[in-house]
Structures are given as structure tokens and as C-alpha cells.
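Single-structure report; data block below.
The values are calculated or read from the model by the stated rules, or taken from the named source; none is laboratory data. Here the structure is a predicted model, which is why all the values come from computation and not from measurement. So basically every Cβ, Gly included, is an ideal-geometry build from the backbone, and we count neighbours across all protein chains shown. To get the accessible areas, we keep the full protein, side chains included, count just its heavy atoms, and leave off ligands, DNA and RNA. Shrake-Rupley method; radii C 1.70, N 1.55, O 1.52, S 1.80 Å.
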Amino acid sequence: MTQSVKFDKLAATYDAARGGEGRGHMTAATISPHLAPGSVLEVGVGTGVVAAGLAALGHTVRGVDVSQPMLEVAAKRFDGEILLGDGMALPFEDASQDNVVYVHALHLMPDMSSALAEAARVLRPGGRVVVRHGDPVADADDLVLILRQVQGMQPARPDEPAAVRTAAEVAGLQMCQQGLEPEYESGMSPETFIALIVNRQVPFLQRLAPERAAEVVEPILKQLYALPEPQRVRRQAWSCWLTVAQKQV
């Protein structure tokens, strides 16, 4: 695979399973302090929830994504420039961007080192790459324990901290910071999670045949149906990895 993963078929429902604008604004607030002065390019901008959050904080934001349906949603959310394009071949001139941001998108690129080399190419000297990545973690409650099982069913992610650090260094970027940092708060009830699973809005389920998906989720649904107070929302504070790197001056 030489092109980044597309989410064309998920555009209309993508935000429902991922917290929407509320989560996007919280994530944007964790990214903003690490940016260099100037504009922001979000690679894998998707439906624009984080870009809208950064714009609300006063940043000039543009976005690029391989999915036209996702960009159509993003265009309704913020006024910045949005372009159809792949993170493996960014449609920008050398040294034309002040910051490049990836929010749970770098792992969707077929080669992280090559993607970050593209980021380095379009960055001005002193510009920064900010990446939010990895599986989210939260203190355990009855719903989080089941969510962890769903995470464990998915293929291993390539954006582990050491791999992202190595990819940045291979791309010629200088590491500034890396750590597990708070990103967003969310709330979900067992009833809502059941609906997401039954409607196959969990992305990895959509890559399975219906019969296989039903087999995979059967034990998960059994546990969810057994939880008390199925309509009660459980609140969680989630942390994910934050990596910040800079193009040398």
C-alpha cells in the first residue's frame, strides 16, 4: 500500500464514535502550546474537529486528507483552506509550512518515516511536527475494562512511541518532547457502546465479513448487556502519546 488509509464510507457517522467537536476542541487545546509561531497544517484533517478547535484558539489552519467525503464535512466546520491530498506526497512547496500536525493519523500512512520526511520537506526551518498517537488509556471502570478488550482485538498499531521517535529521527527531525499526556475527556453509556458495535461503527469491525464481525463481538456484547445501569454515562479522562519534533534551523 502506497496511499494513506481512506475513510470515505465513514464520513457521515465518523464523529459519532469519536466524540465530535467536543473532543476535537479538547485535543486542540493540548496541541496548541507546542506549536511554533505561524500557521498549522493538519495532515489527515478528516472531518475537521481538531482543525476547528485550533482555529477557535486563533491559529490559521489548513488541512489535507485523502477522503473527499471527509473534507466535505470539514468544509462545513471551519473556514480554513482544505485540500484533497495524501500525507505521503503533500501538495505544498518546500519550506512553506510553520507546523504540521497529525492527530491519530500518522499510523494510517503506509510508512511513517516517509510521511514525516514529507512533513520535514514542507516545514520551514524551526517549524514543528506535533503528533497525537497510540491507543488511548484511562483509569479502569466497568466500561473501560470492556473497551480494553475491544482494543486488544484490533491489529497492533505501528505508532508506538519508540517507532514514532525513530521515524522522526530518520526523517531528520530533532526530538523536542515525547510523553503520555492527557488529551480529552469523554462519556459513554453501555447502551451507546452497544449501539456503536451493533451498527458496526467501530472501524475495525467494518473490515470484517458480517459473520466474522458478529462472532468477534458476541462475548463483548454479552458483557455489555450484563452491566448495571445501561443508560448511565461513565465519564473517563483519556491520555494518549504526544510527540513533538522540530526541523533544525
Of all the accessible heavy-atom surface of the chain, with the other protein chains kept in place and a 1.4 Å probe, what percent is carbon and sulfur? 53 percent
Can you work out ³J(HN,Hα) from phi for every residue in segment 37-54, in order, using Karplus 6.51 cos²θ - 1.76 cosθ + 1.60 and θ = phi - 60°, giving whole Hz and x for Gly and Pro? x, x, 7, 10, 10, 9, 8, x, 5, x, 7, x, 5, 6, 4, 5, x, 5
Degrees between helix 142-153 axis and first principal axis of the chain (Cα, 0 to 90, nearest 10): 60 degrees
Hey, what number do you get for the chain at 222 nm if only DSSP H runs of n ≥ 4 count, each worth -39500 (n - 2.57), divided across all residues, to the nearest 500? -11000 deg cm²/dmol
With charges set only on the Cβ (+1 for Lys and Arg, -1 for Asp and Glu), what does the dipole of the chain come to about its Cα centre, in debye to the nearest 20? 60 debye
Write down the Å³ per residue value for the convex hull defined by the alpha carbon atoms of segment 129-249. 108 Å³
With a Förster radius of 45 Å, plug the Cβ-Cβ distance of Leu84 and Arg232 into 1/(1 + (r/R0)^6) and report the FRET value to the nearest 0.05. 0.60
Can you work out ³J(HN,Hα) from phi for every residue in segment 228-240, in order, using Karplus 6.51 cos²θ - 1.76 cosθ + 1.60 and θ = phi - 60°, giving whole Hz and x for Gly and Pro? x, 6, x, 9, 6, 7, 9, 9, 9, 9, 9, 10, 9
Kirkwood Rh, angstrom, segment 51-107 [1 / mean 1/r, Cα pairs]: 12.2 Å
Give me Rg/Rg_expected for the chain, where Rg uses Cα atoms only and Rg_expected = 2.2 N^0.38 Å with N residues. 1.01
Under the rule of at least 5 residues apart or a separate chain, name every residue whose amide H is placed under 5 Å from the amide H of Tyr184. Trp238
Karplus couplings for segment 73-87 from phi (6.51 cos²θ - 1.76 cosθ + 1.60, θ = phi - 60°), rounded to Hz, Gly and Pro as x? 5, 4, 4, 7, 9, 8, 8, x, 5, 10, 10, 7, x, 9, x
For peptides 163-171, 225-233, 238-246, sequence by mean Cβ density within 10 Å, most packed first: 238-246, 163-171, 225-233
What percent does the relative contact order of the chain come to when contacts are Cα pairs within less than 8 Å and at least six residues apart? 22 percent
